[in-house]
Structure formats: C-alpha cells, structure tokens
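The values are calculated or read from the model by the stated rules, or taken from the named source; none is laboratory data. It should be emphasised that the depicted structure is a prediction, and the values quoted were computed from it without experimental measurement. Please note: Cβ atoms are built from the backbone with ideal geometry, for glycine as well, and neighbour counts cover all protein chains shown. For accessibility, only protein heavy atoms count, side chains too; no ligands or nucleic acids. Shrake-Rupley method; radii C 1.70, N 1.55, O 1.52, S 1.80 Å.
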Amino acid sequence: MKYLPEPSTIVVNVSHEDLDGLRILHISDLHISKKTSRASLEKLVDVCDGLSGDFVALTGDVIDAPVKLLKDKLEILNSMSSRVYWISGNHDIFYGLEDLKKELNNFIFMDNEREFFTFNEKKIHIVGLPDRFSKFFKIKRDVDEIVKRSKENSPTIFLSHQPKDFKIAAEANASLFLCGHTHGGQIFPFHYIVRLVQPFLKGLRYRDKMAIYVNSGLGTWGLRHRYKAPSEISLLKLSYGE
C-alpha cells in the first residue's frame, strides 16, 4: 500500500427499494506487512472516517505477515471510528485469523455471521462467509445455514472474499454481493490468468437481480507493484429504480 488513491463514487442499481440511498465505503486487500507505513494507515483511517458512507465493508486480506509483527499498525486501523463489517481473506487465515480478530476488536467480524444495520428505519441484512481457503485450516464455511437464514430476511448484502462466491450470494437472494481478492489483476497481463479462475476481474457487474462489486484492493501481493490495475477506495451509492 504505497499510496492511497482518490476515493471514487460508483452508483449501483439495486433491486430492493429499502437500499435506496445507502452509501457503502468498500475497501479490500490491504495486505498490511512489515513494509506498510504507519502514515499510509493513518491516512486510510482519516479518509474512511471523513467520507459520508453509512458503513465500511472490508472484504478480506487485511494482513500479509504474522499478526505479532503488525500490532502497532493494526492498532491504527482499529482506531477507525466508522462502523466496519469485515470478513476473512486467504492471507488472514494463513497468517492467523484468531489473533487478527483480537486486534481488530473495534470491527464487526462477519464470517458465518449475520447482522442487521438500520437504514431509514428499515433493517438491512448483512451476511458474510469465510474465505474458501478456510477448509485447509478446518474452519467451517456455514454455506447452507447462511443461505437459509438470508432467504428469511430482505434486503441482503453479502460479503465474501472471492468473486466465485457470487453463486452462493445469488442463492441467498442477496441484492448486493461485495468481494475482492483479484487485485484487478495487479500486473498486466496477469489479468488473463486471474480470469481463468475467477468469474469477474474488477468493478461493477449484474447477475439477474443481484449487483456485484469486485474491489481491486489497496495492497499488493508478491511483487510490490501494479500495472494497469490501479488500487481503489470505492464509495458505493445504492440506487433503486434508475
């Protein structure tokens, strides 16, 4: 996370009228490491707290190193005053999800969980799934239960790390599916490789009545560079009936 991009506002058409006007600040794939500067995290917190989002959705891969090496930096991130809903990414699980949860105790952890957010006196249903990588660490993905409970409530915003989980979100009758993981390809022409394993690379898509947003993320993996895949902070403005 060498620098922070200017936040962009994206209008997302949604199929449920109760979501009209809701503003979600979507960030993903911070990949905080020993080389991540404290200044960049302080600026990220200021940006998130300064924007007019109703809440923040953080769709995984917060860290890219063991938690014990990042506590001072995670303390900065945890100081965010905005309400933050987050789910695990594969790097979070690999480097220690339980320790990360302890450090981010100001955030609302959404793996296999559902929460209600009140907007315009209406209840918005938010659900999340652990990353698919969780099976290698014997972490359960409660897909059947999440789908069942989601169908009982509407409207639903579904959080997961990888775009390929959009089919589960659709089965759960979600109005909006938010994810990350791809880094938008990070370095062209790796975009084509990502598209072999993920249904979407970046940006806004629609499948039937569900809107999908794939965030390109803020950090990098492996090489600390991006090419034709800029990082992003996205303020999603939901609109019904346009």
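Structure notes:
- Strands (runs of 3 or more DSSP E) within the stretch 165-240 that include 2 or more residues small (Gly, Ala, Ser) and closer than 29 Å to Arg149 by Cα: 234-240
- Among the residues of the stretch 207-242, just one is among the aromatic types (Phe, Trp, Tyr) and within 13 Å of Asp29 (Cα to Cα), namely Trp221.
- Restricting the stretch 150-168 to residues that are modelled with pLDDT under 90 and out of contact with any strand residue (DSSP E or B) (no Cβ under 6 Å at 6 or more places or on another chain), the residue that is least open to solvent (accessible area, probe 1.4 Å): Ser154
- Checking each residue in the stretch 172-212 for being within 14 Å of the chain's Cα centre (by Cα), crowded, with 18+ Cβ neighbours inside 10 Å and of a type outside the set (Phe, Trp, Tyr) picks out Leu176, Leu178, Cys179, Gly180, His181, Thr182, His183, Gly184, Lys202, Ile212.
- Looking across the stretch 121-142, the residues that are farther than 17 Å from Phe109 by Cβ and not charged (D, E, K, R) come down to Ile124, Phe136.
- Entry remark, the stretch 41-98: residues being of a type outside the set (Val, Ile, Thr), open to solvent by less than 10 Å² (accessible area, probe 1.4 Å) and outside any loop (DSSP other than H, G, I, E, B) number 11 in total.
- Residues satisfying the stated conditions in the stretch 126-153, i.e. in contact with a helix residue (DSSP H, G or I) (Cβ under 8 Å, 6 or more places away or on another chain) and part of a loop (DSSP other than H, G, I, E, B): Leu129, Pro130, Asp131, Ile139, Lys140, Arg141
- Candidates Ser15, Ser79, Ser88 - the one that is hydroxyl-bearing (Ser, Thr, Tyr) and modelled with pLDDT under 95: Ser15
- Under the condition of being outside any strand (DSSP E or B) and open to solvent by 20 Å² or more (accessible area, probe 1.4 Å), the residues counted in the stretch 108-125 number 3.
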